[in-house]
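The block underneath contains the structure these notes are about, expressed in structure tokens.
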Amino acid sequence: MQYSSMVIHFMSGTGYSYRAATWMEEIASKKGITSKIHQISKYYKESELGDEAKNLVGVVFPTHGFTAPWQVIRYVLHLPHGNGKHAFVVATRAGSIIASIPFPGLEGTAGYLIALILLLKGYIVRGIMGLDMPSNWMSLHWGINLENSRFIIGRAKVKTDSFMKRIFEGKKTYRGIIFLILGLILSPVSLGYLVIGRFFLSKLFFASGNCTGCGFCARSCPVQAIRMVGSKKLRPYWTFACESCMRCMGYCPNKAVEASHSFAIGLYFVATLQVPSNVLNGLSKVISIESYFFFFLILLSYIYMLISFFAAYFILYWLIKIPLVNKFFTYTTFTHFYRRYHEPDTTLINIVEDKKSLSENEL
Ligand SMILES: Cc1cc2nc3c(=O)[nH]c(=O)nc-3n(C[C@H](O)[C@H](O)[C@H](O)COP(=O)(O)O)c2cc1C
Ligand code: SF4
Ligand code: SF4
């Protein structure tokens, strides 16, 4: 099939998926195909997509927890009906280099899950691929250096070119079946990530003493998950809306965004206390809930975890205003010693949706 136009919906925390989307746009333009890339945001409006007869739709996004981020799942569920339009899906994933050997990431169910939703919405999915880009999970591991990043990005470009060439030639390309099988095996982990893991991770972020309260992180967050709070000096407060995309961490001008590992241990301890089962055991003495005990236990444990994350973080937020406490959490997190990084050629002007909210030097 000859395509005349294409729209790519992308989500990107630190610019890697954005970069892949721009390569696709370049290839399309060389083939004379009109194209547009459109950021997957909370504020999706159908009218934003324009009226042109776009006959090819791409969805490009990072893998989170061996599946697609909730933001992408929700967005694709809200896309208009496909009416037989062709589509392709690319999930970027954590490529790395260890002892000069490149290792692939694991996109798991990310690509195929989004493809399935597109299929159910009436799209014809012509291609699915996992694409190794440098891992941006900088709250978890030491950052990849620039040389290795460029190497991984170079390989990804070649892979993207060949994938898009096949799509434009009308050839079907379904890659990553082995990774899908692994993803299905790991699907309990992915589900855990979507229902609770991402909320846990959102509550590990805090600003170190380097923070100037400039609010840059809040203005550049793709899901408006940071609130600037305080009377004398404003400080960022991370809400549950955070998708752990790492943008705030990668782009903070003062390297002030940390993800506390010591707080993670404390949070895990508080969230796994036997409070829900003790409450239910007490209740079962008063009312008969034996037949639904397990159901209530799951429900109560979930609610308890969310409340304990919220409450513990709220306390942390006020405690870290004390310089000594802030220092303790700063120096007991590995992120303080990790490198900050993002796609080397991507500045915030490329990926921040509301560009007017940033000043010229911030862009
Ligand atoms: C919270 C989080 C979870 C991630 N989970 C995975 C994963 O399960 N598998 C994987 O291969 N990469 C994973 N990654 C790495 C990213 O998918 C990868 O680096 C991606 O290219 C980042 O793209 P972006 O800069 O466009 O957001 C994860 C990254 C983050 C921040
Ligand atoms: S961008 Fe950095 S310095 Fe500015 S408010 Fe956010 S954490 Fe603080
Ligand atoms: S708060 Fe930071 S990590 Fe979370 S979604 Fe916003 S920019 Fe990404």
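The values are calculated or read from the model by the stated rules, or taken from the named source; none is laboratory data. What you see is a predicted model, and the numbers here were worked out from it, not measured in a lab. Note: ideal-geometry Cβ built from the backbone for every residue, glycine included; neighbour counts use all protein chains shown. Surface accessibility is based on the protein's heavy atoms, side chains included, excluding ligands, DNA and RNA. Shrake-Rupley method; radii C 1.70, N 1.55, O 1.52, S 1.80 Å.
The table for this structure:
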read-out	value
Any chance T333 is touching a residue at least 40 places away in the same chain (Cβ under 8 Å) and closer than 26 Å to C221 by Cα	yes
Residue within the stretch 146-154 that is out of contact with any Leu (no Cβ under 9 Å at 6 or more places or on another chain), closer than 20 Å to V59 by Cβ and touching a residue at least 24 places away in the same chain (Cβ under 8 Å) present	no
Meets criteria (crowded, with 16+ Cβ neighbours inside 10 Å, closer than 27 Å to I196 by Cα and outside the structural domain of F61 (by TED's automatic domain parsing)) for T346	no
Strands (runs of 3 or more DSSP E) within the stretch 63-152 that include 3 or more residues touching a helix residue (DSSP H, G or I) at 6+ places or on another chain (Cβ under 8 Å) and hydrophobic (A, V, I, L, M, F, W, C)	86-98, 124-134
Only listed residue being closer than 30 Å to W318 by Cβ and open to solvent by 20 Å² or more (accessible area, probe 1.4 Å), chosen from R175, R247, R166, R198	R198
Near pairs, Cβ below 9 angstrom, 6+ apart or cross-chain, from the stretch 233-260 (under 20 Å from H141 (Cα atoms)) to any residue that is within 11 Å of ligand 2 (Cβ to nearest atom) and among the basic types (K, R)	M249/K255; M249/R340; G250/R340; Y251/R340; C252/R340; K255/R340; V257/R340
The listed residue being away from ligand 1 (no atom under 14 Å from the Cβ), assigned by TED's automatic domain parsing to the domain that holds S17 and crowded, with 24+ Cβ neighbours inside 10 Å, out of F61, F88	F88
Residue match in the stretch 26-46 (condition: more than 30 Å from I196 (Cα to Cα), surrounded by fewer than 18 Cβ atoms within 10 Å (Cβ to Cβ) and at pLDDT 95 or above)	yes
Of all residues in the stretch 216-234 being of a type in the set (G, A, S) and more than 6 Å from ligand 3 (Cβ to nearest atom), the one that is most open to solvent (accessible area, probe 1.4 Å)	S231
Hits in the stretch 94-121 (condition: out of contact with any Gly (no Cβ under 8 Å at 6 or more places or on another chain) and within 19 Å of H9 (Cα to Cα))	L113, I114, A115, L116, I117, L119, L120
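Per-residue answers, yes or no, for (1) modelled with pLDDT of 95 or more; (2) open to solvent by 20 Å² or more (accessible area, probe 1.4 Å):
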site: P236; (1), (2): yes, no
site: C242; (1), (2): yes, no
site: P253; (1), (2): no, yes
site: A271; (1), (2): no, no
